[in-house]
1. I'd like to check something: does region 217-236 contain any residue that is at pLDDT below 95, more than 28 Å from P80 (Cα to Cα) and not in a helix (DSSP H, G or I)?
2. Take region 201-216 and flag every residue that is of a type in the set (A, V, I, L, M, F, W, C) and assigned to a loop (DSSP other than H, G, I, E, B).
3. What about D100, is it crowded, with 21+ Cβ neighbours inside 10 Å and either modelled with pLDDT under 95 or closer than 20 Å to E246 by Cβ (or both)?
4. Listed residues L98, L133, L121; which is more than 14 Å from I194 (Cβ to Cβ) and assigned to a helix (DSSP H, G or I)?
5. Which one of these does L141 not meet: (1) out of contact with any Ser or Thr (no Cβ under 8 Å at 6 or more places or on another chain); (2) without any contact (Cβ under 8 Å) to a residue 24 or more places away in the chain; (3) of a type in the set (A, V, I, L, M, F, W, C); (4) not in a loop (DSSP other than H, G, I, E, B)?
6. Counting only residues that are of a type in the set (S, T, Y) and over 13 Å from the mean Cα position of the chain (by Cα), which one in region 193-226 is surrounded by the most Cβ atoms within 10 Å (Cβ to Cβ)?
7. Only residues in region 243-256 that are polar (S, T, N, Q) count as the first member; pair them with residues that are assigned to a helix (DSSP H, G or I) and modelled with pLDDT of 90 or more, Cβ under 7 angstrom, at least 6 apart or cross-chain, and list the lot.
Amino acid sequence: MSIIEKAIIKLDLNKNSATEDNGVQESGAQQTAQSFVSEAASPITNVDTIASIAEQSEPTNSKRVEFDLKKLVQLGMVSPDTDRSSISEEFRRIKRPLLDKIFKDSNGVDHRNLIMVTSSLPGEGKTFCSVNLAISIALELDHTVLLVDADMARSSIGRYLKSTTEEAENKAGLMDILLDKDLDLSDVLLRTNIDKLTLLRSGRHHKHATELLASQSMSLFLDEIATRYPDRVIIFDAPPLLLSTEARVLASKMGQIALVVEAGTTTQNALKDLLSQLKSTSNVSLIYNKAPTYEGTGFYGDYYG
């Protein structure tokens, strides 16, 4: 169901439930839906109009989780609470070419703002890099970030969140969107305590996760999130490529892939094997992780511990 169709349905529901009173102003929900349908029927001429329509189509979600900022600092990760650090500088260098491919050098490639972060095997630091990259981009003045936990078998983003009742309850996510056609994206998006960073959890476990990720519903979902906001970057924390068929399915749908390589562990043969399995290597970037820190260098591997 398209965004316009959802807005029309909401408008019809509001009309049926409201009593007619010429002296009373229409409800906020009616005004929003009418405004959206009206604007959607008109030619879109600029980015501001696109952003305005997108905001009207996605109701404010009060659901919220919080990153444990104190823990991020203790782990030596990127945090809005720190001014400058080696880790922040490293991810500034990592994110720049990724952003350039989205906003400067797209070359007609679709979905360049969908970035999948993965590795060959577990333990190489792909979730660590996903979270750092998402926070670093969220600190940009001109971009917003959606961080998607796409590791269905071994979700790890939760380790960086504060353990609260609300965090424990907000488990609906990507799989729920694919399984429930009546569930809207805005129902499962979670605001965070980091400005311009939104989280989408992995959702319920499902035995046919690979088939769901390869489905038409997933393709439509990716189209929607890739185009809903012109300034949004979507980071997928995906499973390791050598252990999961889900990761390979996701990789075929991504605009960019950031492949985490662990210093001293990932072999050249494994890396060559991974690159040969990917549909295209032109959109693959490598993140060299856990490199030893030498005096006078800025490698961030030492902070990962």
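The values are calculated or read from the model by the stated rules, or taken from the named source; none is laboratory data. Keep in mind that this is a model prediction, so the values were computed, not measured. Heads up, the Cβs are rebuilt from the backbone with ideal geometry, glycines too, and the neighbour counts pull from every protein chain shown.
1. no
2. A214
3. no
4. So the residue among L98, L133, L121 that is more than 14 Å from I194 (Cβ to Cβ) and assigned to a helix (DSSP H, G or I) is L98.
5. Of the numbered conditions (1) out of contact with any Ser or Thr (no Cβ under 8 Å at 6 or more places or on another chain); (2) without any contact (Cβ under 8 Å) to a residue 24 or more places away in the chain; (3) of a type in the set (A, V, I, L, M, F, W, C); (4) not in a loop (DSSP other than H, G, I, E, B), the odd one out for L141 is (4).
6. Going through the qualifying residues, I end up with T210.
7. As it stands, the answer is T245/T210; Q256/L98; Q256/K101, since those pairs meet every condition given.
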